Every structure is written in structure tokens, then in C-alpha cells.
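The next block holds one structure in the form of C-alpha cells; read it before the comments.
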Amino acid sequence: MDAMTPSSWVHCGREFSAREVADICATVAWLPGLARHELAATLCEHLGWVTLTGTAKTGACLEFLQRLQAAGLLVLPAQRAARVSRSTPRCPAQPRAVAEPMVEPTPVEVSLSALAPVRLEVIRDTALAKQWDDLMARWHPLGFQGAFGYRLRYFITAGELRLGCALLSGAARAVAVRDDWIGWTAQTRRHNLPRVLNNSRFLIFPHVRVPHLASQVLGQLARRTRSDWLEHWGFEPLLLESFVDPRQHAGTCYRAAGWQLLGETSGRGLARPGRTYHSTPRQVWVKPLGSDGRDRLCAVTEPTRR
């Protein structure tokens, strides 16, 4: 987003007053000997610009400093070249591993009660995450290009069987029906948006045909998300959201799992400043993670530190 006024700026959801911008420029001028990363870390500490876990937002700060430099408001120290040890020979590039062809799985067509207990397995191992990515890319209608930022992958299992995959990731930045339903202000939305998680991928493998499995998994996901996310990322989520294409699905499994349909997206959005996109409207489903979730999303609280 570009400057709101000649002296007021917004970056990564945070508004900077004219005084803060002036202080940033003065600090950069006072500390010309610091490397850019050290400078960003120092500014984050001064500004209290941290994630919900209290980690400095150095990446966002570096981007903002580059914007201010492009606007002619400050001059950043020159970038320092990465040090390379002459005594250590450069390792030749390793050829990319070729994925083994996937064996077509055996169909699973039983009742839910006939399965071993259905569980959600959090993926922490890199090799398992690669398997998860490959399966999602192969079978999900939207494909899969990778997950970035806050995210948590799950395998859906029953005994030794893998039945599907689920992914929790960062929420959509702005959704009119969701934001109206929560009732938060622009400030509290910027502050608390990380506490909303998007069930951005949910897949029951096509060879698995088990009635009521999807709703059972969604219910289990809502019950354990808070503890899983807190353990993995260090802060507590308050709301789950998901988007369903009504041309393909009716959202029946979400309804059966106690999720609430709020309405539909407009089908329009901002891809980046100056460029919009249009898509098919999606149903917006939400599931609060606690009876006071909406109230807490409307409050500004201090970051949770581990």
C-alpha cells in the first residue's frame, strides 16, 4: 500500500505516524555502521513491531526501510556481501531427486465405525512434509505449490491407513462477511488477524469413500487446533475459516461439523496495489475456537511470549 498522506504510511497492516517515520529516518542516520538486518532488528525493538510470539518483524521492517529509501526519505547502509571461506571448496550442485512413481492405492470403502480410530497426525518431519505436499499436489483440485508463513500440515489416518490431508495457514486479509460478523475495527483486525486460521486445504483421498469421515475430521480439527497451534507456533488461535466453491461442493461436511455459513465472498479482491482480480464467489464458513473468540478478536492485547 502506498503512503496514505505525505507523512503517514501503512506497511504489512501497520500504520506509521509522521513522528514514527521521522524517528525511523533519524535512527538510520545515527547508525550508519549497522548492517541492514541489525538496523531492522533495532528499529523493531524501538517500535515494538513484533509478531504474536514477540519475534521482531525484521523482514517486514527491511521492506519498509526500502520503501522509505525509494521515496527519498533515508539512505540505507550498503548491503554487505556474504562471506565465503577460501579454504572451503565449493560443493557442486546436487542433482534434484526424482520422485518415485506413486503406486495406485487400494480403495477404502467401509463405514466410519469399521475403521480404526481416525486421527490427525501433525507433520513435523521434512520427509513427511514432502510426501504430504506430493499427495496434495496430485489429488487436490486446486493443486499445491507450497505453504509459507504460519502453517500446520496434518495427515488424516486410521491405524496404518492414510485417508487424507489437511492444512491450516494464515487467514485471508479482508473478507467483508467475516469481518462484519466478527465486528472488529480496522485496528483490531490488523492486530488479531494472525489468530484467525484458514483451513486452506482439506482433502479426503479419492480412493477413500467413507460416509461422514469428512465431518468427523473437521470436528476433531476444531477441537485440537488451539493446543496444536500453541505448541507449534506459541500463540493461541481464536477462529477457523474456510472457503468453499458452491459450484463444486455444498459445504455439507462443514455444516455437519458445526461450522457456520456467513455468506459468500464478492469474487473481487486486491492482488497488489493497483491490480485487482476476479474469481467465482466462495462460501465463507467459520468455526469459533471458544465461546469468547469473537470478543477476544475485537480486543487489542499484548503479544504472547513463550
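The values are calculated or read from the model by the stated rules, or taken from the named source; none is laboratory data. What you see is a predicted model; the values in this text were computed from it and never measured. Quick reminder, even Gly has a Cβ in these numbers, built from the backbone with ideal geometry, and neighbours come from all protein chains shown.
What number of residues within the range 106-138 satisfy the criterion of being in contact (Cβ under 8 Å) with a residue 12 or more places away in the chain and surrounded by 13 or more Cβ atoms within 10 Å (Cβ to Cβ)?
Count: 18.
Working only within the range 145-177, note down all residues that are crowded, with 18+ Cβ neighbours inside 10 Å and farther than 23 Å from ALA214 by Cα.
Selection gives TYR150, VAL175.
Can you name every residue in the range 51-74 that is over 14 Å from PHE16 (Cα atoms), under 27 Å from the mean Cα position of the chain (by Cα) and aliphatic (A, V, I, L, M)?
LEU52, ALA56, LEU62
For the condition touching a strand residue (DSSP E or B) at 6+ places or on another chain (Cβ under 8 Å), surrounded by fewer than 20 Cβ atoms within 10 Å (Cβ to Cβ) and either outside the structural domain of THR55 (by TED's automatic domain parsing) or modelled with pLDDT under 95 (or both), what is the one hit in GLN248, GLN220?
Step by step, each of GLN248, GLN220 is checked, and only GLN220 is touching a strand residue (DSSP E or B) at 6+ places or on another chain (Cβ under 8 Å), surrounded by fewer than 20 Cβ atoms within 10 Å (Cβ to Cβ) and either outside the structural domain of THR55 (by TED's automatic domain parsing) or modelled with pLDDT under 95 (or both).
Could you list all residues from the range 12-49 that are assigned to a loop (DSSP other than H, G, I, E, B) and over 18 Å from GLN79 (Cα atoms)?
Once the filter is applied, which keeps residues that are assigned to a loop (DSSP other than H, G, I, E, B) and over 18 Å from GLN79 (Cα atoms), the range 12-49 yields CYS12, GLY13, SER17, GLY48, TRP49.
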